[in-house]
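The values are calculated or read from the model by the stated rules, or taken from the named source; none is laboratory data. This one's a predicted model, so the numbers in the text were calculated from it and none came from an experiment. Positions of Cβ are generated from backbone atoms using ideal geometry, with glycine treated the same way; all protein chains shown enter the neighbour counts. Calculation scope for accessible area: heavy atoms of the full protein, side chains included, ligands and nucleic acids excluded. Shrake-Rupley method; radii C 1.70, N 1.55, O 1.52, S 1.80 Å.
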Amino acid sequence: MYAIDDLGDAIDVTRDFLTPVKPRMWLKLAFVVFFISALGFSGPPTTPTGDTTVEDEPFAGTELEGTLPDLTGEELLTIVLAVVALALALWLFFAIVGAIMEFVFLESLRSHAVHVRRYGMANFGRAGHLFLFRGLLGLLGFALVGIPALSIVTSASTVDEIAVGSLVLLAFAGFGYFLLYALVMQLTTEFVAPIMLLEERGILSAWKRFWPTLTGSWKEYLVYVVVVAIAQIVLGIAVGFLAVVAALVVGIPTAIVAIALAVFGGTIGLYLAVGVGFLGLAVFVLVLALVQVPVVSYFRYYALLLLGDTNAELDLIPEQRSVVRSGDESGGVGPATDTRNGWNDSDAGWGNSRGSESEREPDHESDWDSDSDGRNDHNEGDGNRDDWR
């Protein structure tokens, strides 16, 4: 099966993409992966072990008396709304940037060059479709499960009057929807998004394009989902181990320096200690992102190889596939020149108009929008096809 054979080919393609190691390219990839991988902390939820029996005893709240500030109902509501607003703002930021980075990463995998700003701008419309699609499915789940659960809880005047049986049924329904949501998101991110990029389609149009391939080769994609789930668990354990090692290597020196500054540095030392703490956290996150770069690259190449094997018209990486399967040892993939995919330097910008020549000159690019290899860039346009058809 392609889903089995492509496991080995994905290793070869990933190696060609990431070697020889170029620090600048890896740093930009780490920045992209930070937004699309959750840094390996998005694994399956764990189940508590041991004795979880809760004794039915009244809580004597005398121990906390006087330790919490007295807040009026209005002040408490203000704090809750502020926390919710902050959480929503952070979610929107990461969701929007994450959708953009999905296409930046796909472009990078195809071109073997990383141009964050350029690829992001060229695929801004498609990223908007992906963000809205994800958001709407999330809101649908909240409408089907969250709102009824809130209604059950708020309609009860006391805790004893809450319909626990209904909440349990909603919990099972919510878990089922979560599994369906996760599957749709996986297929959308790993197969539909490449079609959006390759054929300049909106997300619904890309799903219609992918559906015959999915149903016609459903066994391949079923094996793919199972294999990826198993591989992610195994690699998640490895990444978790590396995270612990990174936390020790970075955290211990950071803690020593921060404590020394706080104890002996006075007020200025306290501020410096906070700065050192944030610096240590940034280094820790960077290390985890760098660890995730080959992992995420491998899984995405695996998906792209399977997509092209099950439908040659949807092959986003024909040159990489050809190099690996022809046994070419010349060292990697050159610039993509397939004019059928619009891979040239004649179009740049937001997708509906061409940029000026000065905008496409390497001398005018920022560090996040250039690559020393001088490879051609793919310039995607939203065009008339980038809609919700």
Check: Scanning for something in a helix (DSSP H, G or I), touching a Ser or Thr at 6+ places or on another chain (Cβ under 9 Å), farther than 18 Å from L198 by Cβ and open to solvent by less than 30 Å² (accessible area, probe 1.4 Å), does the stretch 92-115 turn up at least one residue?
Finding: no
Note to self: Among (1) at pLDDT below 90; (2) of a type in the set (S, T, Y); (3) open to solvent by 70 Å² or more (accessible area, probe 1.4 Å), there is one condition S37 misses while meeting the rest; what is its number?
What the structure shows: (3)
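Within the bounds of the stretch 145-166, is there any residue that is of a type in the set (D, E) and in contact (Cβ under 8 Å) with a residue 40 or more places away in the chain? Even if it seems obvious, please write down each step before you answer.
Step one: of the stretch 145-166, the residues of a type in the set (D, E) are 160-161.
Filter once more, so that each one left must be in contact (Cβ under 8 Å) with a residue 40 or more places away in the chain: none.
For the stretch 145-166, residues of a type in the set (D, E) and in contact (Cβ under 8 Å) with a residue 40 or more places away in the chain: absent.
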Item checked: Qualifying position, being at pLDDT below 95, surrounded by 15 or more Cβ atoms within 10 Å (Cβ to Cβ), out of contact with any Cys (no Cβ under 8 Å at 6 or more places or on another chain) and part of a helix (DSSP H, G or I), among V145, V192 -> V145
Checklist line | Residue check for L29: modelled with pLDDT under 65, among the hydrophobic types (A, V, I, L, M, F, W, C), under 27 Å from V244 (Cα atoms) and part of a helix (DSSP H, G or I) | finding: no
Next item on the list: Give A243, A282, A238 a once-over and let me know the one that is under 30 Å from V295 (Cα atoms), in contact (Cβ under 8 Å) with a residue 24 or more places away in the chain and in a helix (DSSP H, G or I).
Entry: A243
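Condition (residue is part of a loop (DSSP other than H, G, I, E, B), open to solvent by 20 Å² or more (accessible area, probe 1.4 Å), in contact with a helix residue (DSSP H, G or I) (Cβ under 9 Å, 6 or more places away or on another chain) and modelled with pLDDT under 95) applied to the stretch 223-231: is it met by at least one residue? Walk me through it before giving the result.
Going residue by residue through the stretch 223-231, those that are part of a loop (DSSP other than H, G, I, E, B) are none.
Looking through the stretch 223-231, none of the residues is part of a loop (DSSP other than H, G, I, E, B), open to solvent by 20 Å² or more (accessible area, probe 1.4 Å), in contact with a helix residue (DSSP H, G or I) (Cβ under 9 Å, 6 or more places away or on another chain) and modelled with pLDDT under 95.
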Next item on the list: Determine whether the stretch 281-303 contains at least one residue that is within 30 Å of T188 (Cβ to Cβ), open to solvent by less than 70 Å² (accessible area, probe 1.4 Å), touching a helix residue (DSSP H, G or I) at 6+ places or on another chain (Cβ under 9 Å) and among the polar types (S, T, N, Q).
Entry: yes
